[in-house]
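Enquirer: For reference, the structure I am asking about is given below.
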Amino acid sequence: MKSFVHVKGHPVHPALIPFPFAFLPGALLFDVGSLWLARPLWAITGYHLLQLGILAGLAAAVPGALDFFRRVPPNSSGRNRALRHGVLNVAAIAMFVIVCALRRNGFVTPTTLALELLGVLTLFYSGSLGGVLVTRNLISVDHRHANAGKWREERFSGPPGQPLVVGHADDLKEDQMKLLIVNGQRIVLARLKRGFAAFDDGCTHRGGSLADGVCIAGCVQCLWHGSQFDCTTGEVRNGPAKKKLRVYEVKQYQGDVLLVSPPG
């Protein structure tokens, strides 16, 4: 799923995370070396690396948080993983801030070293969760496949139950989809061979985004675990999902696409 914070399609959060991962473990290494090798000047370098690492971590957190709120599908296994990733990162940065405060006099102590080590280990584990979010949940992955078009997302609001215009008939080509946020609920609009279909965005298996999936011949496939659903009826065509999708009635009127009964 394409990152919310990007520069010409290139995600910002993955581009920023190497800096805290370099500075903060580097600070630990310099601090350990200052004691082990009796080189007190190394502690000064470690202290400056610590400060840089905290600032770099905070900078990386901003696009990461925006991606969390705007891209990670709600009520999904990826959402839970992303939440753990964010909380652990905050905890790690908090440990380094405490170390920085304890080291105002410049001295390295066993307590500060222990906190730094715990912070680095927490950072490494949290980073592994971030890697899984990319490789398994496809967060920040702007994948392309034949005739799929680019990622599209639009927001709408209106009275529940009253027809709502959600696009034009020529917005999508056959087998293309876009994500609709209707009154806060995520719905996929898909162009099929014979008209349009609308259904819930969340896969009923683990909550993966179907708008980020593949639509072929009236069937949508979730890219997380491969579940396939009929776009018109919501029935499961292939597992591991067991529960059908909720579908919505869609009509065309004078070139517009109407969601007949939008959710509240």
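The values are calculated or read from the model by the stated rules, or taken from the named source; none is laboratory data. In this text the structure is predicted, and so the values were computed from the model without any measurement. So basically every Cβ, Gly included, is an ideal-geometry build from the backbone, and we count neighbours across all protein chains shown.
Enquirer: Within the stretch 162-175, can one find any residue that is assigned to a loop (DSSP other than H, G, I, E, B), farther than 25 Å from Pro263 by Cβ and in contact with a Ser or Thr (Cβ under 6 Å, 6 or more places away or on another chain)?
Expert: No: zero hits.
Enquirer: From (1) out of contact with any Pro (no Cβ under 7 Å at 6 or more places or on another chain); (2) touching a residue at least 40 places away in the same chain (Cβ under 8 Å); (3) farther than 23 Å from Arg186 by Cβ, pick out the condition that doesn't hold for Val120.
Expert: (1)
Enquirer: Right, here's the next one. So is Ser128 of a type in the set (S, T, N, Q), touching a strand residue (DSSP E or B) at 6+ places or on another chain (Cβ under 7 Å) and either under 30 Å from Ala198 (Cα atoms) or part of a helix (DSSP H, G or I) (or both) or not?
Expert: So Ser128 fails the test.
For (1) at pLDDT 95 or above; (2) among the aromatic types (Phe, Trp, Tyr); (3) surrounded by 20 or more Cβ atoms within 10 Å (Cβ to Cβ); (4) out of contact with any Asp or Glu (no Cβ under 6 Å at 6 or more places or on another chain), each residue gets a yes or a no:
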site: His10; (1), (2), (3), (4): no, no, no, yes
site: Gly46; (1), (2), (3), (4): no, no, yes, no
site: Ala65; (1), (2), (3), (4): yes, no, no, yes
site: Pro74; (1), (2), (3), (4): no, no, no, yes
site: Ala82; (1), (2), (3), (4): yes, no, yes, yes
site: Gly86; (1), (2), (3), (4): yes, no, no, yes
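Enquirer: Does Thr204 satisfy the condition of being of a type in the set (S, T, N, Q), part of a loop (DSSP other than H, G, I, E, B), within 25 Å of Gly158 (Cβ to Cβ) and touching a strand residue (DSSP E or B) at 6+ places or on another chain (Cβ under 9 Å)?
Expert: no
Enquirer: Out of the residues in the stretch 64-116 meeting the condition of being in contact with a helix residue (DSSP H, G or I) (Cβ under 6 Å, 6 or more places away or on another chain) and aromatic (Phe, Trp, Tyr), tell me which one is nearest to Leu35 (Cα to Cα).
Expert: Phe96
Enquirer: While we're on this one: Can you tell me which of Arg194, Arg246, Arg186 is within 21 Å of Met1 (Cα to Cα) and not hydroxyl-bearing (Ser, Thr, Tyr)?
Expert: One residue alone meets the criteria, Arg186.
So that you can scan it fast, the table gives a plain yes or no per residue for (1) in contact (Cβ under 8 Å) with a residue 60 or more places away in the chain; (2) over 23 Å from Gly78 (Cα atoms):
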{"residue": "Val166", "(1), (2)": "yes, yes"}
{"residue": "Asp171", "(1), (2)": "yes, yes"}
{"residue": "Leu180", "(1), (2)": "yes, no"}
{"residue": "Phe199", "(1), (2)": "no, no"}
{"residue": "Gly207", "(1), (2)": "yes, no"}
{"residue": "Val214", "(1), (2)": "yes, no"}
{"residue": "Trp224", "(1), (2)": "yes, no"}
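Enquirer: Determine which member of the set Gly106, Gly158, Gly119 is surrounded by 12 or more Cβ atoms within 10 Å (Cβ to Cβ), in the same structural domain as His85 (by TED's automatic domain parsing) and either touching a Cys at 6+ places or on another chain (Cβ under 7 Å) or of a type in the set (Gly, Ala, Ser) (or both).
Expert: It is Gly119.
Enquirer: So which residues in the stretch 23-47 are without any contact (Cβ under 8 Å) to a residue 24 or more places away in the chain and within 23 Å of Ser126 (Cα to Cα)?
Expert: Leu29, Phe30
Enquirer: Confirm whether Pro40 is under 30 Å from Asn137 (Cβ atoms) and in the same structural domain as Phe68 (by TED's automatic domain parsing).
Expert: Here the answer is no, as Pro40 does not meet what is asked.
Enquirer: Which one of Val90, Val120, Val141, Val72 is part of a helix (DSSP H, G or I) and either among the hydroxyl-bearing types (Ser, Thr, Tyr) or within 29 Å of Cys203 (Cβ to Cβ) (or both)?
Expert: Answer to the check: Val90.
Enquirer: Does Ser140 satisfy being crowded, with 17+ Cβ neighbours inside 10 Å, farther than 19 Å from Met1 by Cβ and of a type in the set (Ser, Thr, Tyr)?
Expert: It is false that Ser140 is crowded, with 17+ Cβ neighbours inside 10 Å, farther than 19 Å from Met1 by Cβ and of a type in the set (Ser, Thr, Tyr).
Enquirer: Shifting gears a bit: Considering each of Ala211, Ala190 in turn, give the residue that is assigned by TED's automatic domain parsing to the domain that holds Val247 and either under 18 Å from the mean Cα position of the chain (by Cα) or within 22 Å of Asp67 (Cα to Cα) (or both).
Expert: Every option except Ala211 fails the conditions.
Enquirer: State which residue pairs qualify: first residue under 13 Å from Pro20 (Cβ atoms) and inside the stretch 80-102, second residue of a type in the set (Asp, Glu) and part of a helix (DSSP H, G or I) in any location, beta carbons under 9 Å apart, and separation of 6 or more residues or different chains.
Expert: Short answer, once both residue conditions are applied: Met95/Glu116; Phe96/Glu116.
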